[in-house]
Amino acid sequence: MIRIAGAPISWGVCEVPGWGYRLPAGRVLAEMAALGLTATEVGPDGYLPADPAERADVTGRHGLEVAGGFVPAVLHDPAHDPVPGVVATLAGWSGVLVLAAATGGDGYDARPELDGTGWRTLLTNLDRLLAAAADRGITAVLHPHVGTMVETPAEVYRVAEDSRIPLCLDTGHLLAGGTDPAALAREVPGRVAHVHLKDVDAGWAERVRAGEVAYTDAVRAGMYRPLGGGDVDVAGIVATLGASGYAGWYVLEQDTMLAAAPPPGEGPVAEVRESLEYLRAVAP
């Protein structure tokens, strides 16, 4: 049995200011539970209670545990030490610490290029955060992500080669950034410690890479699709990871934006149901 979790971003709940209408946590967690999911990621700061006991009470009322959470942090700036801030978030942490190499700005539509000093700083900080999390019994992973400092194939593989930190295999962000997630899973299965499963329309992804459309606009237009509805080899990835002994979470993520609250039973929950049914059909 594979372990399947949900994520608030599939319900349009994002850390980016102005992303869209934010559904209340009670509705999102209830819809996750109704689908038969057993865990959730925590979403952006403040979406679920920061106090560990309160957070566990909120999720536990819906029969959900916490699979982890997404934490953007500036890792490339030699004048900034990200460790104290990240460590402060780990008090009472549950699940996997999913790090992203943030640019320092809002959103994911633009990013600077790293020089040699920036790369050395980023790689050093990844290993420092890996150790700091491990000291607290927490697994830290690096999430390659569009609009962050680790987006392109060269950047993803450099982290895999020059850092010890495991990876969050986000199938959608990898493909959108130009990396074949199925190939990466085959090449470094032992480095994968967390999985975000999403499907992607490759045509929209190519337009984002070419600079023809902003990432945010592509998401709004439906670049991310329910599993089986895009161009990611989801079945192949799940088979590869299963054969390698991967026993972590498969987090269903389909980044979306909402203009308003959909009627009960409609909207994101229907698309997550479609993804869940596909995953259960192809999982070994």
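Note that the stretch 228-233 has calculated 3J(HN,Hα) couplings of x, x, x, 10, 8, 7 Hz, one per residue in order, obtained from phi through the Karplus relation 6.51 cos²θ - 1.76 cosθ + 1.60 (θ = phi - 60°); glycine and proline are x. As a calculated quantity, the FRET efficiency between Thr117 and Arg3 at R0 = 51 Å, using C-beta atoms, amounts to about 0.80. Near the amide H of Val192, within less than 5 Å, lie the amide hydrogens of Leu167, all on another chain or at least 5 residues away, with H placed in the peptide plane.
The fewest-to-most ranking of Asp199, Asp170 by surrounding Cβ atoms within 10 Å reads Asp199, Asp170. Remark: Trp249, Trp19, Trp11 ranked as Trp19, Trp249, Trp11, counting other beta-carbon atoms within 10 Å and listing the fewest first. Based on the Stokes-Einstein relation at 20 °C and a viscosity of 1.002 mPa s, and on the Kirkwood radius from alpha carbon pairs, the stretch 182-237 is assigned a translational diffusion coefficient of 173 µm²/s.
Per-residue extension of 0.36 nm, minus the Cα-Cα distance of Ala134 and Ala259, leaves a gain of 41.0 nm for this segment. Per residue, the chain reaches -11500 deg cm²/dmol at 222 nm when only DSSP H runs of four or more residues are counted, each adding -39500 (n - 2.57). Each residue of the stretch 171-184 is assigned a 3J(HN,Hα), and the resulting list reads 4, x, 5, 4, 5, 4, x, x, 8, 6, x, 5, 5, 4 Hz, derived from the Karplus form 6.51 cos²θ - 1.76 cosθ + 1.60 (θ = phi - 60°), x at Gly and Pro. Panel values: the chain, Kirkwood radius from alpha carbon pairs, Stokes-Einstein at 10 °C and 1.306 mPa s, translational diffusion coefficient 84 µm²/s.
With both labels modelled 7 Å from their Cα along Cα-to-Cβ, the Asp57 to Ala110 distance reads 4.5 nm. Couplings 3J(HN,Hα) for the stretch 51-63, derived from phi with the Karplus relation 6.51 cos²θ - 1.76 cosθ + 1.60 (θ = phi - 60°), are 5, x, 5, 5, 4, 5, 5, 5, 6, x, 4, 9, x Hz, where x marks Gly and Pro.
For the chain, the longest piece that avoids every one of the GluC sites (Glu not before Pro) found in DSSP loops with at most 15 other C-beta atoms within 10 Å covers 1-112.
On a per residue basis, the convex hull of the C-alpha atoms belonging to the stretch 63-182 measures out at 117 Å³.
Scanning residues 5 or more positions from Ala39 or on other chains, those with amide H under 5 Å from its amide H are Gly6, Glu65, with H placed 1.01 Å from N in the peptide plane.
Where a number appears in this text, it was derived from the coordinates with a stated rule and is not lab data. Model, not experiment: these values are computed from the prediction. No Cβ is skipped: glycine too gets one built from the backbone with ideal geometry, and neighbour counts run over all protein chains shown.
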